[in-house]
Structures are given as structure tokens and as C-alpha cells.
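I have placed the structure first, in the form of C-alpha cells, so that the comments after it can refer back to it.
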Amino acid sequence: MANARKENHSASSRGAYFNTGNGPTIQTIDIGHPVYVGLIDPDAAFWSLVKKDKLADAFSDGAFLKQYRKKQATFSAEMESIRFGLKPSAVYFNPTERCNLNCSYCYIPERMRRNGQHMSRPKLIEALSLLNDYFREILPRGRQPQIVFHGSEPMLCREALFAAIEEYEDHFSFGIQTNGTLMDDEAIQFLTSRGIGIGLSLDGHAGKIADRSRKTWTGDGVFKKVIHNLERLKGYPNYNVICTVTRENMRSLRKIVDFFHDLEVPICMLNPVRCTRQGAREIKPEDHELAINYLMALDRTYDLYEKTGRKLVVANFANILISIVAPTARRLMCDISPCGGGRCFFAVSAKGDLFPCSEFIGLKEFNGGNLFRGEIEKALDSPAFLQVTGRKVEDIDPCFRCAIRHFCGSPCPAEAYEMKGGMDCPGAFCELYEEQARYALRKIADGKEEAYLWDDWDSGTSTTLKIVSL
Ligand code: SF4
Ligand code: SF4
């Protein structure tokens, strides 16, 4: 019956032409390249680069349509699978609410960071045991779930954390995202000898820049301490540095890239500040200005690679590039719609409360249940989580008509909800995404994309997060 209805309601067109009847919809985009333009079927994220003087031929001579038809089904199936077919395989685990720093853009409310609670060692071990049981049931044999200890500052619970890692190192792949101020030789030895992923936060190439946003409760900078620890991580392959980009450091991005490259940092993230909380919104860079500075920083990574043969991969850009060249190999799940929050991973608070993503931890209406009450499945299906996992670019204006909607995903739902007033609003940095997608297609047109990607980017097509940050 349903099929008969569908047949009655469908158009009779055989879909022989682009952009009319049942034919595929292809949008042309200017990628800022002297020779090529981009052609994209936004729904399937199918794309092609076509010489400008051959554009009319592409739409009329049939060869392009043939090429499109050959690949369309694969592209659509891949997109469907990464958008709606994944199960959780990672957890952002917040073992404490407290932090020894008071960064201006933090998404955790101040009262929690000042006076919140730590998870005790037995509770932390119980939590990992519950998560282990859950993942053993849902993941295929041999697939190791990932636990990323996340902020506030997880190293404040160092003793419980390290005990839990020792007990469960055969069951999970662990990572830690830290402000880098509480590391000592022993901690670095503990983490690096186990191959644990380490993400350190640093927002500048000099104290006068980095310390503007990241400081202690008494207002002291922490730049020197973090640098000291970064020096000690030199040569360790499994770490990255996260630079949150704000109005305060946006114009220094090129110098920051130089600095990270000098320190031999293998991977960095240049993450535009998430504007979930008011403090972050106060230092939000203008979208178009950020885009200009961001692309200059990407250019700089290319120059440095050419000069030295050593890459500094900007992971959040690399992820967009990968979403274009090999969608199922993407590693970060912010720039896809629905984003990974609540479907590829979820977050656990220091009280065991379950949230779609750490970004929601300060918003109690997004608490979907509690780990210690055995409510993981319930949380994944809760209205709180469904608000996030049901947020689709197709429902957002202007994203529903944007050609690059599946290379961007319109992040972030927490930001849209808090800053723009609703899940059906776009995130804060539309133009940055437009420019990144155009830049990525330019690099592909020039055959330079490998220079921006980590070396083993195509070693698997697993979509598990292998990088510590969101
Ligand atoms: S887009 Fe926002 S909510 Fe989604 S995974 Fe990224 S940080 Fe979390
Ligand atoms: S946020 Fe902007 S670039 Fe991203 S999908 Fe929406 S309209 Fe497109």
C-alpha cells in the first residue's frame, strides 16, 4: 500500500537531465580557482571539479551525467550510513567538575568548576565497568571503544584516573584532554608509555596572547608551564595541541602555526571558540575575519611543509578535506549532520549523568539519564538526546539549500541552542565553513591535498574518533 502511494505521488520524469524533473540536482560553486569550478550534488555529497570553459558541456554532453550515475548510489549509501547508521563507540568522560583554571570561554559553568565534585576512585572504576559491559554488547568483537577524559581538568583526579586506566587498559583505548598545567615527568611517563592520546590546550605563541584567555583563578597565565610540558612531549606521536581561536588570538594564527611547527607538534586543532556560553560570545571573532586569518594559517602550514618536509596537520581542516575525498574516513564528528553528539559518542559527567556531548554538560535539560542507574540506552532515546541527534541540516535555513551542507554540518547544536535560540538555527561560523570547503576544493584541484592530511589518513575507513578532541 505504501509503495503504491509512493508510486502515485512520484513524478513521471525519467530523470534524464540535471536539475529538472526527477533528474539529479547539481549546484555549481565558485571555488576561487582560476581554472575550475565545483559541481556538487549536496544530498549525496557527490562532487566533481570541472574546467570553467567546459561547464556547459558537463551539463549537456551526457558524460558527466554518466559518471554521476555510476557513483551516486555509493555516495548516497555512504552518507546515509555515516549520518544515521553509526552506534556509539566513544565516551567523553568528565571525572571532575572542577578546574584549576578559569578560561574565559569555558562551557562548564563557573560554579561547577570552582566548587563541583570529583568522582571517587571506586566510582570511576565502577563507571568504566558499566561502560565496558555496554560496549561489549553493542560493538563487534575486537573493536575497542574509546574513552577520552575531558574537562573541566581531568588531571585533578590523577590518582583515580591512572588507577582506572591501569585496570581497564585492555578494554578501552584511552585519551586525555588536559590544560597541561598539572603534568609532571611521572604523569608524562605513565601516559606516553601506554600510548595514550594526549590533547593539550594552548591559545598562542607567546604568553601575552595565550594568557589572555587561559589563566588561573587569580588571573595568572599558564603559558610557560604548558610550553614546558609540550617540550617534553616532543617526539611522542600521539598528542595534539588545541588552540581555541577567539578575537584575542585570531590575528596571530600564522605565528601560532610557526610556533607549533617549531615545537614539532604533529597535529593541532585551530578550533573557533564554541559560543555556547556568554563568556565565549564576548570574545567571538567575526566570522569573515576569522576565515581570512584561518586560511592564511593553512597557507602557512603548506609553506612550512614545503620548506622542511615536516607537516603540521590542522586536524579540523583536514577533517573537512577528508569529508570531501573520503567521507567514511573522517575522524571528527562536529562537521557532519547530525553531529556525533549522542549518536557516535556521549558524555558522562562527574555525577554519572549522561549528555549527548560535553558541550551540553552545563545545560541540565540535556541530561538524558545516569550511568550508575543503568540508563545508557534510555538516555540515547531520551527527548534530551533526540533533540541533538535529530538536528539535521535539511531543517535549518539557509543550510537546507547550501551546496556544502554535508561538508559542514552546521555545527554546533549546543551553540545554536544557546546563542541563536534554537536547534533549527545555524551555528556561529558559517562563512568559515564556506571558505574551508572552497579552499579544500582548490587544493584538490591543484593536487596538493596530501600536504594537509595526516600520513595514515586512508589506512582505514573507521569513523571512530582517533583524535582526542571534539
Ligand atoms: S557539534 Fe557541538 S555538540 Fe556536536 S559533537 Fe561537536 S561540540 Fe559536540
Ligand atoms: S552553516 Fe553555512 S556553510 Fe554550513 S551548511 Fe549552513 S549555510 Fe552551509
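The values are calculated or read from the model by the stated rules, or taken from the named source; none is laboratory data. Computed from a prediction, not measured in an experiment: that's the story for all the values here. Ideal geometry is used to build each Cβ from the backbone, glycine not excepted, and the neighbour counts take in all protein chains shown.
Tally time: how many residues in region 303-350 are touching a Gly at 6+ places or on another chain (Cβ under 7 Å) and of a type in the set (Asp, Glu)?
1
Across region 291-343, which residue is nearest to Phe400 (Cα to Cα) among those that are among the aliphatic types (A, V, I, L, M), within 16 Å of ligand 2 (Cβ to nearest atom) and in contact with a Cys (Cβ under 9 Å, 6 or more places away or on another chain)?
Going through the qualifying residues, I end up with Ile336.
Return the only residue of Gly116, Gly142 being more than 26 Å from the chain's Cα centre (by Cα) and either in contact (Cβ under 8 Å) with a residue 12 or more places away in the chain or surrounded by fewer than 21 Cβ atoms within 10 Å (Cβ to Cβ) (or both). Please lay out each step first, then the result.
On the way: Gly142 fails: more than 26 Å from the chain's Cα centre (by Cα).
Being more than 26 Å from the chain's Cα centre (by Cα) and either in contact (Cβ under 8 Å) with a residue 12 or more places away in the chain or surrounded by fewer than 21 Cβ atoms within 10 Å (Cβ to Cβ) (or both) holds for just one of Gly116, Gly142, which is Gly116.
What number of residues in region 412-451 are among the aliphatic types (A, V, I, L, M) and within 14 Å of ligand 2 (Cβ to nearest atom)? Working first, answer last.
Going residue by residue through region 412-451, those that are among the aliphatic types (A, V, I, L, M) are 414, 416, 419, 423, 428, 432, 437, 440-441, 444-445, 451.
Now drop any that are not within 14 Å of ligand 2 (Cβ to nearest atom), which leaves 416, 419, 423, 428, 432, 437, 440-441.
Residues meeting the conditions: 8.
Among the residues of region 326-344, write down those that are hydroxyl-bearing (Ser, Thr, Tyr) and not in a loop (DSSP other than H, G, I, E, B).
Here is the first cut: in region 326-344, the ones hydroxyl-bearing (Ser, Thr, Tyr) are 328, 337.
Passing the criteria: only Thr328.
Considering only strands (runs of 3 or more DSSP E) fully contained in region 1-111, which possess at least 1 residues that are in contact with a helix residue (DSSP H, G or I) (Cβ under 8 Å, 6 or more places away or on another chain), of a type in the set (D, E, K, R) and surrounded by 13 or more Cβ atoms within 10 Å (Cβ to Cβ)?
Values: elements: 27-29, 36-41, 46-51, 90-93.
Ranges flagged: 36-41.
Which of the following residues is at pLDDT 95 or above, under 24 Å from Arg98 (Cα atoms) and either crowded, with 24+ Cβ neighbours inside 10 Å or more than 12 Å from ligand 2 (Cβ to nearest atom) (or both): Gly409, Gly374, Gly390, Gly369? Write out each step before concluding.
Details: Gly409 fails: under 24 Å from Arg98 (Cα atoms); Gly374 fails: under 24 Å from Arg98 (Cα atoms); Gly390 fails: under 24 Å from Arg98 (Cα atoms).
After applying the criteria, what remains is Gly369.
Could you please let me know if Gly195 is surrounded by fewer than 19 Cβ atoms within 10 Å (Cβ to Cβ) and under 24 Å from Leu332 (Cβ atoms)? Walk me through how you get there before you give the answer.
Values: surrounded by fewer than 19 Cβ atoms within 10 Å (Cβ to Cβ): yes; under 24 Å from Leu332 (Cβ atoms): yes.
So Gly195 fits the description; yes.
Find all pairs meeting these conditions: Cβ atoms under 7 angstrom apart; at least six residues apart or on different chains; first residue within region 121-133 and under 17 Å from Met155 (Cα atoms); second residue modelled with pLDDT of 95 or more and acidic (Asp, Glu).
Between residues of region 121-133 that are under 17 Å from Met155 (Cα atoms) and residues that are modelled with pLDDT of 95 or more and acidic (Asp, Glu), the close pairs are Arg121/Glu159; Ile125/Glu167.
So Ile376 clears everything in (1) of a type outside the set (Ser, Thr, Tyr); (2) near ligand 1 (Cβ under 9 Å from one of its atoms); (3) closer than 26 Å to Ser120 by Cα except one condition, right? Which one?
Exception for Ile376: condition (2).
Test of understanding: among Tyr433, Tyr417, Tyr439, Tyr452, which residue is within 16 Å of ligand 1 (Cβ to nearest atom), over 15 Å from the mean Cα position of the chain (by Cα) and modelled with pLDDT of 95 or more? Steps first, please.
Numbers: Tyr433 fails: over 15 Å from the mean Cα position of the chain (by Cα); Tyr439 fails: within 16 Å of ligand 1 (Cβ to nearest atom); Tyr452 fails: within 16 Å of ligand 1 (Cβ to nearest atom).
One residue alone meets the criteria, Tyr417.
With respect to the numbered conditions (1) over 20 Å from the mean Cα position of the chain (by Cα); (2) buried (at least 20 other Cβ atoms within 10 Å of the Cβ), which one is the sole condition not fulfilled by Glu264?
(2)
Would you confirm whether any residue within region 237-258 is surrounded by fewer than 21 Cβ atoms within 10 Å (Cβ to Cβ), touching a residue at least 40 places away in the same chain (Cβ under 8 Å), among the aromatic types (Phe, Trp, Tyr) and closer than 24 Å to Leu332 by Cα?
No, region 237-258 contains no residue that is surrounded by fewer than 21 Cβ atoms within 10 Å (Cβ to Cβ), touching a residue at least 40 places away in the same chain (Cβ under 8 Å), among the aromatic types (Phe, Trp, Tyr) and closer than 24 Å to Leu332 by Cα.
If I filter region 316-350 down to residues being in contact with a Ser or Thr (Cβ under 8 Å, 6 or more places away or on another chain) and either more than 30 Å from Asp381 (Cβ to Cβ) or small (Gly, Ala, Ser) (or both), which single residue comes out as surrounded by the most Cβ atoms within 10 Å (Cβ to Cβ)?
Gly342
Is it true that Glu282 is away from ligand 1 (no atom under 16 Å from the Cβ), surrounded by 20 or more Cβ atoms within 10 Å (Cβ to Cβ) and more than 19 Å from the chain's Cα centre (by Cα)?
Values: away from ligand 1 (no atom under 16 Å from the Cβ): yes; surrounded by 20 or more Cβ atoms within 10 Å (Cβ to Cβ): no; more than 19 Å from the chain's Cα centre (by Cα): yes.
Here the answer is no, as Glu282 does not meet what is asked.
Restricting the first residue to region 431-451 and requiring it to be closer than 14 Å to Asp30 by Cα and touching a residue at least 60 places away in the same chain (Cβ under 8 Å), which pairs with a second residue that is of a type in the set (Ser, Thr, Tyr) and more than 16 Å from ligand 2 (Cβ to nearest atom) meet a Cβ separation below 6 Å and a spacing of at least six or different chains?
Sorted first by the residue in region 431-451, then by its partner, the pairs are Ala445/Tyr36.
Tell me, yes or no, whether region 278-292 has at least one residue that is part of a helix (DSSP H, G or I), among the acidic types (Asp, Glu) and closer than 29 Å to Ile376 by Cα. Walk me through it before giving the result.
Initially, region 278-292 is screened for residues part of a helix (DSSP H, G or I), giving 278-282, 287-292.
Then keep just the ones that are among the acidic types (Asp, Glu); that gives 282, 287, 289.
Next, from what is left, pick out any that are closer than 29 Å to Ile376 by Cα: none.
Within region 278-292 (the criterion being part of a helix (DSSP H, G or I), among the acidic types (Asp, Glu) and closer than 29 Å to Ile376 by Cα), the answer is no, since none of the residues qualifies.
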